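Colleague: Pasting a structure below so you can have a look.
Every number in this text was worked out from the coordinates using simple rules, so none of it is lab data. If you're wondering where the values come from, they're calculated on a predicted model, not measured in any experiment. Cβ placement follows ideal geometry from the backbone for every residue including glycine, while neighbour counts extend to all protein chains displayed.
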Amino acid sequence: MNRQDFLKTLGLGAVASVTGSSLLTGCNTHDMSGMNMTPGMENMGPSVTEIPFTTPLRFPETITNTGQLTAKSVIDAILPGKNARVLGYRGGMLGPTIRVQNGSDVSLRFTNNLDEESNIHWHGLLVPAEMDGHPTQLVQAGGSFTYSFRLNQAANMAWYHPHPHEKTGKQANLGLAGMIIVETPAERALNLPSGNYELPMVIQDKRLDGNGAPTYSPSMDDVMMGYMGETIIVNGVAGAVQPVSTRMYRLRIVNGSNGRIYNLALSNNAPFWVIGSDGGLLSAPEQTTALLLSPGERADLLVDFSKVPVGTDVFLKSDTFTGASSQGGQAFNILKFAVNKAETDPFQLPAALGMVSPLSTASATKTRLFDIGIAMEGMNGMPMRGMHTIGGKTYLGSRIDETVKLGDTEIWEFDNSKGDEPHPMHLHGTFFQVLNRVGGRNTLYATEKGWKDTVLVMPGERVRIIAQFTKPGLFVFHCHNLEHEDDGMMLNFRVN
Ligand code: C2O
Ligand code: CU
Ligand code: CU
């Protein structure tokens with residue numbers, strides 16, 4: 001629906017169209033789509049289509065501290081046998097997995113061979129502001145930049161992706177993303193499953209054309225809900241199968257989707273252990289049978305196949321869930337584990353994992369409150385939705401929205417109590433702890449008992465986080481639904 005049609009619907013006609021811009025301050029044309037939806041009856045995203053799980057799960061090549069990442073158009077097959085044009089940082093879609101030791105120096109040369117600006121953000125690495133891939137630190141088409149930094153953080157799984165404002169959703173969706181694994185001696189001492197028993201995976205959904213190529217052309221509804229696809233891929237392939245033995249595996253999962261949330265579960269309903277979150281290991285393993293993972297979040301899981309008879313298939317699936325108005329209605333399989341080999345497993349689940357000492361709320365010098373995703377009352381009682389804002393504002397690169405004193409600990413509250421879309425809120429420049437969630441799900445989940453950089457705020461929820469800001473400079477915080485982010489749901493903060 002365009003603006004003219006929208007105004008006609010409201011019965012305002014030509015007069016209103018003249019004053020329309022002031023009536024609709026802050027609304028972009030594509031935001032009007034929300035107008036023809038009744039709350040609670042909105043469109044769902046495209047339903048997932050499964051293909052046979054016959055393509056071996058692949059793992060991107062691994063590099064360590066140095067290397068070349070070139071954003072470019074490449075040929076790769078998401079569907080079996082269907083070579084298609086995608087984006088990638090090396091030979092195929094995605095980029096290499098960067099496996100690095102904490103304390104070491106990283107130096108990665110980025111070359112932009114796209115026909116538009118790009119950059120790289122290291123999501124989950126604590127790097128100096130000028131190396132963080134801030135949306136104003138762009139590498140023009142044909143240009144290069146060397147990202148270099150020394151790692152100083154806990155062992156975790158991070159990831160990387162482009163961050164040019166209004167183009168992040170497209171570039172990431174077409175294939176630009178990669179995984180990062182930071183290791184420490186303390187983590188190694190736990191003897192968690194490693195080598196063939198440690199499976200790093202990025203889960204994404206794509207909207208493929210008839211040739212198996214990802215397409216990105218968000219409609220008004222897609223901007224409202226996030227750009228969801230009918231094809232689920234893991235490490236770049238649809239219908240993936242991974243052979244496993246009868247033992248414990250470590251699944252390190254990043255949700256690299258633009259807008260889709262997964263409710264991770266196993267098809268045999270077996271419980272699994274959550275051992276880590278965005279910022280590293282939990283203090284102790286937590287057992288669960290389902291775990292919501294929203295865009296940008298990571299989950300470090302232990303899955304025990306030792307009781308599964310050889311010859312059995314177990315799927316990693318996404319179960320249905322409620323609370324996110326536009327998704328969660330469908331259960332689907334993500335990846336098949338073919339249990340094909342008996343093996344005795346010496347692994348002992350450690351009782352204690354990482355160090356998560358709670359930040360004390362008494363140490364907080366400030367509390368900031370951010371209204372997110374507000375459903376504003378429009379004219380004639382119609383809800384005026386679709387303003388993807390934080391604190392009523394959309395992103396402006398040149399404006400500093402919040403100023404934080406270096407070294408301070410603060411409480412930030414994200415208030416989605418009046419909103420009707422889920423928003424995974426992400427901060428650059430620090431990890432945080434989740435203090436509480438009021439409304440909606442009203443509780444904290446396993447991954448939220450560790451260090452986080454992205455937290456899901458469902459409609460109706462207010463979520464409070466606490467963080468210490470130890471990196472000086474300019475950073476952003478934003479919704480990690482990439483369509484919301486590109487629509488302006490992002491602000492700058494400066495630490496000094
Ligand atoms: Cu993964 Cu600012 O994002
Ligand atoms: Cu980030
Ligand atoms: Cu959002």
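Colleague: Mind checking which lysines have their C-alpha under 17 Å from K72, skipping anything on the same chain fewer than 8 residues away?
Modeller: By straight Cα distance, K72 reaches K167, K170.
Colleague: Ranked highest first by the average count of other Cβ atoms within 10 Å around their residues, in what order do 95-105, 391-401 fall?
Modeller: Numbers: 95-105: 17.8, 391-401: 13.5.
Highest mean packing first, the order is 95-105, 391-401.
Colleague: Distance from a point 7 Å along Cα→Cβ of K72 to each backbone N in region 94-117: keep the residues under 18 Å and list them by number.
Modeller: So the set is 94-97, 108-117.
Colleague: Under the 0.36 nm per residue contour assumption, what length would be gained going from the current alpha-carbon distance of R85 and A331 to full extension?
Modeller: Working: separation 246, 0.36 × 246 = 88.56 nm, distance 2.92 nm.
Value of the extension gain: 85.6 nm.
Colleague: Shifting gears a bit: Give the cross-link partners of K452 among the lysines, using a straight C-alpha distance below 20 Å as the criterion and excluding same-chain residues fewer than 8 apart.
Modeller: K366, K471
Colleague: Then there is this: Which one of L301, G226, I203 is farthest out on the positive end of the charge dipole of the chain, using unit charges on Cβ (Lys, Arg +1; Asp, Glu -1) and the Cα centre as origin?
Modeller: Comparing the listed Cα positions along the dipole, L301 ranks first.
Colleague: Per 0.36 nm of contour for each residue apart, how much would the distance between S363 and E61 grow if the chain were fully extended, relative to their Cα-Cα spacing?
Modeller: Values: separation 302, 0.36 × 302 = 108.72 nm, distance 4.33 nm.
Contour length minus the Cα-Cα distance gives 104.4 nm.
Colleague: Mind checking which lysines have their C-alpha under 23 Å from K341, skipping anything on the same chain fewer than 8 residues away?
Modeller: K341 reaches K307, K317.
Colleague: Where does the chain land on the Kirkwood hydrodynamic radius, alpha-carbon pairs, in angstrom?
Modeller: Working: mean 1/r = 0.0434 Å⁻¹.
Answer for the chain: a Kirkwood hydrodynamic radius of 23.1 Å.
Colleague: Answer with one residue from P346, I120, S357: the one whose Cα lies farthest towards the positive end of the charge dipole of the chain, charges on Cβ with Lys, Arg +1 and Asp, Glu -1.
Modeller: Among P346, I120, S357, the one farthest towards the positive end of the dipole of the chain is P346.
Colleague: A further question on this structure: Before rounding to the nearest 500, sum -39500 (n - 2.57) across all DSSP H runs of length at least 4 in the chain and divide by the residue total; then give [θ] at 222 nm in deg cm²/dmol.
Modeller: On the way: 6 runs with 39 residues, N = 496.
Per the formula, -2000 deg cm²/dmol.
Colleague: Here's something else I'd like to know. If one takes the longest principal axis of the Cα atoms in the chain, at what angle in degrees, from 0 to 90 and to the nearest 10, does the Cα axis of helix 13-23 lie?
Modeller: 60
Colleague: May I pose another question? Tell me, what is a quarter of the convex hull surface for the C-alpha atoms of region 202-273, in nm² with one decimal?
Modeller: Values: hull surface 25.1 nm².
Over all viewing directions, region 202-273 projects a mean Cα-hull area of 6.3 nm².
Colleague: If you average the alpha carbon positions of region 188-236 and of region 324-362, how far apart do those two centres end up, in angstrom?
Modeller: 17
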